[in-house]
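Peer 1: Can you keep this structure in mind? I'll have questions shortly.
Derivation of every value follows stated rules applied to the coordinates shown; laboratory data play no part. What you see is a predicted model; the values in this text were computed from it and never measured. Note: ideal-geometry Cβ built from the backbone for every residue, glycine included; neighbour counts use all protein chains shown.
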């Protein structure tokens, strides 16, 4: 896992490499470029995500079915990236991990790993930005944002009957997971 110190070291190396090729950039600009490379909207968002407490990580397993729909929904539409995939052999069900910022999900085609129709809640820091980002895609789903007594929710159903609710908590100091932008 990349740390804040790792990202700063990357920025120093990038700045030195650019300077060696005749392109001068400030340290701040190098940090912004590294933040984008790591999938964050800016250095502040990157720093917050990399500084988040690293307690036990809970990883929901969602049932998907064979075919391209899981990739189209979770990666092309929601902006997750595939971290790894596993099949015991060709033709057998696929098990993969996808992530975006601090959110990690396991998607399984294996019967019995999970039940279609599951629900997952993900706290985010900027629901308005995520909502606009999803509406800017060509994916035919256009979720709305619902005000709730506990904050604002945007529920997005996947093609397999699962529901992912992105939640922006009400009030300052509420815990959130920073979901980085697409880059």
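Peer 1: Once you sort the root eigenvalues of the Cα gyration tensor of segment 44-124 as a ≥ b ≥ c, which label holds: rounded (a/c under 1.5), prolate (a/b larger than b/c) or oblate (the other case)?
Peer 2: Details: a/c = 2.00, a/b = 1.84, b/c = 1.09.
Here segment 44-124 falls in the prolate category.
Peer 1: Compute the angle between helix 4-20 and the longest alpha-carbon principal axis of the chain, please, reported from 0 to 90 degrees and rounded to the nearest 10.
Peer 2: In the chain, helix 4-20 runs at an angle near 50 degrees to the longest axis.
Peer 1: Once you place label points 7 Å from the Cα toward the Cβ at residue 142 and residue 170, how far apart are they in nm?
Peer 2: 2.8
Peer 1: From the square roots a ≥ b ≥ c of the eigenvalues of the alpha-carbon gyration tensor of segment 61-169, which class results: rounded (a/c under 1.5), prolate (a/b over b/c), or oblate?
Peer 2: On the way: a/c = 2.07, a/b = 1.83, b/c = 1.13.
Note, shape of segment 61-169 comes out prolate.
Peer 1: I would also like to ask the following. Given a 10 angstrom Cα cut-off, can you work out which residue in 66, 149, 157 is the most mobile in a GNM of the chain?
Peer 2: For the chain, modelled as a Gaussian network with Cα springs under 10 Å, the answer is 149.
Peer 1: While we're looking at this one, here's another question. Express in nm, to one decimal, how much length is gained between residue 163 and residue 16 on full extension, taking 0.36 nm for each residue of separation and deducting their alpha carbon distance.
Peer 2: Fully extending the segment from residue 163 to residue 16 adds 48.4 nm.
Peer 1: Once R0 is set to 30 Å, what does the formula 1/(1 + (r/R0)^6) return for the Cβ-Cβ distance between residue 129 and residue 23, expressed as a FRET efficiency to the nearest 0.05?
Peer 2: Efficiency for this residue pair is about 0.50.
Peer 1: To continue, here is another question. Could you quote the convex hull projected area for segment 4-51, Cα atoms only and averaged over all directions, in nm²?
Peer 2: Seen from a random direction, the Cα hull of segment 4-51 projects 2.9 nm² on average.
Peer 1: A follow-up question, please. Can you figure out the FRET efficiency of residue 51 with residue 89, using R₀ = 45 Å and their beta-carbon distance, to the nearest 0.05?
Peer 2: The value I calculate is 0.65.
Peer 1: Right, here's the next one. Using the Kirkwood radius over C-alpha pairs as Rh, can you work out the diffusion coefficient of segment 1-137 via Stokes-Einstein at 20 °C, viscosity 1.002 mPa s, in µm² per second?
Peer 2: For these conditions, the coefficient is 124 µm²/s.
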